[in-house]
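Supplied in structure tokens, the structure appears directly below.
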Amino acid sequence: MAIGATVHTFDVQLSDVDRGVYEQRSLKVAQHPSETLAFMATRVLALCLEHEEGIAFGDGIAGGDEPAVIARDLTGAITAWIEVGAPDAERVHRGSMAAERTAVYTHRDPEKVLARWAGKRIHRAEEVRLVWFDPGFVDAVADALARRTVLTVSVMEATLYVEVNGAALTTGIHERRAA
């Protein structure tokens, strides 16, 4: 945990009908001093939407070598490399080489993120997913967060339904490939 980090606790109920994933988790999330609430909210949503065995928060901002969210199998091999925000193409390239699958969840303008990657080398770019939500959604989630948050996440037909401390929010889940 980073020095000066603010710790948030999330009680998460996840129902991803599209993938057949139903989980209940308690998460402790260290918000780095330089991390915005929107970035942290996107990190938590990415972890929920990419849920699989062995998924966890990476060192991300505090460490630098790991992505925001990482999944490993029982042997320790990286199965998923999930970045958040607007990582540069080199970082996405490195993640795609290290993991079976790579995704980037952004709370930024997806066209600007894709423009930063244009013409740059990204390993298996046609498999790298850029995922984003409707404008204003992540900010609304961030505004509803507290140090202790009850979060219900439901996915059905590429629509995300979130209840955050009693506030109900809905968004489409949008996706494009890096190439």
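The values are calculated or read from the model by the stated rules, or taken from the named source; none is laboratory data. Here the structure is a predicted model, which means the values were calculated and not measured. Here the Cβ positions follow ideal geometry from the backbone for every residue, glycine too, while neighbour counts run over all protein chains shown.
What is the one condition in (1) among the acidic types (Asp, Glu); (2) surrounded by 15 or more Cβ atoms within 10 Å (Cβ to Cβ); (3) within 25 Å of residue 28 (Cα to Cα) that residue 127 does not satisfy?
(3)
Against the condition touching a Leu at 6+ places or on another chain (Cβ under 7 Å), among the β-branched types (Val, Ile, Thr) and surrounded by 21 or more Cβ atoms within 10 Å (Cβ to Cβ), how does residue 69 come out, does it pass?
yes
A further question on this structure: Quick test for you: out of 164, 113, pick the one residue that is free of Cβ contacts under 8 Å to residues at least 60 places away in the same chain, surrounded by 15 or more Cβ atoms within 10 Å (Cβ to Cβ) and within 19 Å of residue 37 (Cβ to Cβ).
Only one candidate qualifies: 164.
Which of (1) among the hydrophobic types (A, V, I, L, M, F, W, C); (2) within 13 Å of residue 49 (Cβ to Cβ); (3) not in a strand (DSSP E or B) does residue 153 not meet, given it meets every other one?
Evaluating residue 153 over (1) among the hydrophobic types (A, V, I, L, M, F, W, C); (2) within 13 Å of residue 49 (Cβ to Cβ); (3) not in a strand (DSSP E or B) leaves (3) as the failure.
Please specify each residue of region 116-133 satisfying the condition of being part of a loop (DSSP other than H, G, I, E, B) and either in contact (Cβ under 8 Å) with a residue 40 or more places away in the chain or acidic (Asp, Glu) (or both).
Within region 116-133, 122, 128 qualify.
Please go through region 8-37 and pick out each residue that is assigned to a loop (DSSP other than H, G, I, E, B) and at negative phi.
17, 18, 19, 32, 33, 34, 35, 36
Continuing with the same structure: Could you pull out the residue among 21, 17, 29 that is buried (at least 18 other Cβ atoms within 10 Å of the Cβ) and not acidic (Asp, Glu)?
Sole residue among the options that is buried (at least 18 other Cβ atoms within 10 Å of the Cβ) and not acidic (Asp, Glu): 29.
Somewhere in region 83-97, is a residue within 19 Å of residue 152 (Cα to Cα), of a type outside the set (Val, Ile, Thr), modelled with pLDDT of 95 or more and not in a strand (DSSP E or B)? Let's see the steps before the verdict.
Going residue by residue through region 83-97, those that are within 19 Å of residue 152 (Cα to Cα) are none.
No.
Part of a helix (DSSP H, G or I), touching a His at 6+ places or on another chain (Cβ under 9 Å) and closer than 20 Å to residue 72 by Cα: does that describe residue 44?
For residue 44, the condition - part of a helix (DSSP H, G or I), touching a His at 6+ places or on another chain (Cβ under 9 Å) and closer than 20 Å to residue 72 by Cα - is met.
Is it the case that region 106-113 has a residue that's more than 17 Å from residue 52 (Cα to Cα), part of a helix (DSSP H, G or I) and of a type in the set (D, E, K, R)? Steps first, answer last, please.
To start, the set of residues in region 106-113 that are more than 17 Å from residue 52 (Cα to Cα) comprises 106-113.
Applying the additional criterion that residues be part of a helix (DSSP H, G or I) yields 110-113.
Add one more test, that the residue is of a type in the set (D, E, K, R), and what stays is 111-112.
Taking every residue of region 106-113 in turn, at least one turns out to be more than 17 Å from residue 52 (Cα to Cα), part of a helix (DSSP H, G or I) and of a type in the set (D, E, K, R).
Can you run down the residue pairs with Cβ atoms below 7 Å, 6 or more apart or on separate chains, where the first is in region 72-85 and within 28 Å of residue 132 (Cβ to Cβ) and the partner is β-branched (Val, Ile, Thr) and not in a strand (DSSP E or B)?
Sorted first by the residue in region 72-85, then by its partner, the pairs are 83/92; 84/42; 85/106.
Quick check, is residue 155 closer than 22 Å to residue 13 by Cβ and surrounded by 15 or more Cβ atoms within 10 Å (Cβ to Cβ)?
Answer is yes for this residue.
What do you reckon, is residue 52 in a loop (DSSP other than H, G, I, E, B), within 16 Å of the chain's Cα centre (by Cα) and without any contact (Cβ under 8 Å) to a residue 12 or more places away in the chain?
So residue 52 does not fit the description; no.
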